[in-house]
Amino acid sequence: MLPGSDTCQVWWARTADARDELLAVLPAAERDRHRAYVRANDRALYLVAHALTRLLLAERLEQPPADIVFSRVCVHCGADHGKPLLPGSGWETSLSHSGGWVAVALAAGHPVGVDVEWIDRALDVESLRDTVLAQAEQRVLAAGPPEGFFTYWCRKEALLKATGDGLAISPARLRVSGPAEPARLLDWTVPGRPAPLVRLTDLRPDPDHVGCVAILTDRDVTVTEHDGSALLAKT
């Protein structure tokens, strides 16, 4: 059953939710990827993110979670490494994880992208400024706290996930509103590509993380947040 087309759900979970029992909801290929991670935290993030995504979709598509098949055709080269899609289902999904948090976004009828980032105060923001920020954004960041860089990054990452471009497009070609302002796309200087119609909503799971969800639509969208940890605990 689809929700209203003007809603988006963001489900939150933590690395502490990882349990071996969740491996049963993953197909063989994803279990192999899970085993390939060397660090325990990376394995936990991968397991929680992919298990939560499949459990949410299984309920809505009324099929076993491990049987759900995604199309991953890249919009740039056609290879099998693009944004996961479910053609014909009516559902769009996106996932992200950073620090101890996992976010899964679900939307009906509109492409969606979500990003969450741990605010790493030791990060050399200056070294990334030209790669990530437009000139106008660099001037705004210079006048405010350096943590604003992560707000810029999340907004751009969420949008490029929603479009399916990922980092094939330089984030510096996008200009979004400043960290102290409501999230909006202000400029899109990508040759041969018109600016997408997008609604951006900032997320703040805790004081040490920032996030954003992007929905490609010109309509107002209601974003609701939900407890994914509780859902995982039932599995």
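Scanning the range 131-163 for residues that are of a type in the set (D, E, K, R) and modelled with pLDDT of 95 or more yields E137, R139, R155, K156, E157, K161.
Note on the range 179-204: among residues that are touching a residue at least 24 places away in the same chain (Cβ under 8 Å) and in contact with a Phe, Trp or Tyr (Cβ under 8 Å, 6 or more places away or on another chain), the one that is farthest from P84 (Cα to Cα) is P179. Exactly one residue among V112, V104 is among the β-branched types (V, I, T), in contact (Cβ under 8 Å) with a residue 60 or more places away in the chain and either within 16 Å of D227 (Cα to Cα) or loosely packed, with under 14 Cβ neighbours inside 10 Å (or both), and that residue is V104.
With respect to A230, determine if the residue is part of a helix (DSSP H, G or I) and free of Cβ contacts under 8 Å to residues at least 12 places away in the same chain. Spelling it out, A230 is indeed part of a helix (DSSP H, G or I) and free of Cβ contacts under 8 Å to residues at least 12 places away in the same chain. Entry remark, the range 115-124: residues being surrounded by fewer than 24 Cβ atoms within 10 Å (Cβ to Cβ), assigned to a strand (DSSP E or B) and either aliphatic (A, V, I, L, M) or touching a His at 6+ places or on another chain (Cβ under 6 Å) (or both) number 1 in total.
Give me the residue from the range 145-185 that is charged (D, E, K, R), crowded, with 18+ Cβ neighbours inside 10 Å and out of contact with any His (no Cβ under 9 Å at 6 or more places or on another chain) and, out of that set, nearest to D130 (Cα to Cα). Within the range 145-185, the match that is nearest to D130 (Cα to Cα) is R175. Residues in the range 56-82 that are assigned to a loop (DSSP other than H, G, I, E, B) and modelled with pLDDT of 90 or more were compared, and the one that is surrounded by the fewest Cβ atoms within 10 Å (Cβ to Cβ) is E62. If you go through the range 170-207 and pick out every residue that is touching a Gly at 6+ places or on another chain (Cβ under 8 Å) and within 15 Å of Y152 (Cα to Cα), you end up with 6. The residues on offer are C212, C154, and the sole one that is under 16 Å from the mean Cα position of the chain (by Cα) and assigned to a helix (DSSP H, G or I) is C154.
The values are calculated or read from the model by the stated rules, or taken from the named source; none is laboratory data. All of these numbers come straight from a predicted model, not from anything done at the bench. Cβ atoms come from the backbone with ideal geometry, glycine included; neighbour counts cover every protein chain shown.
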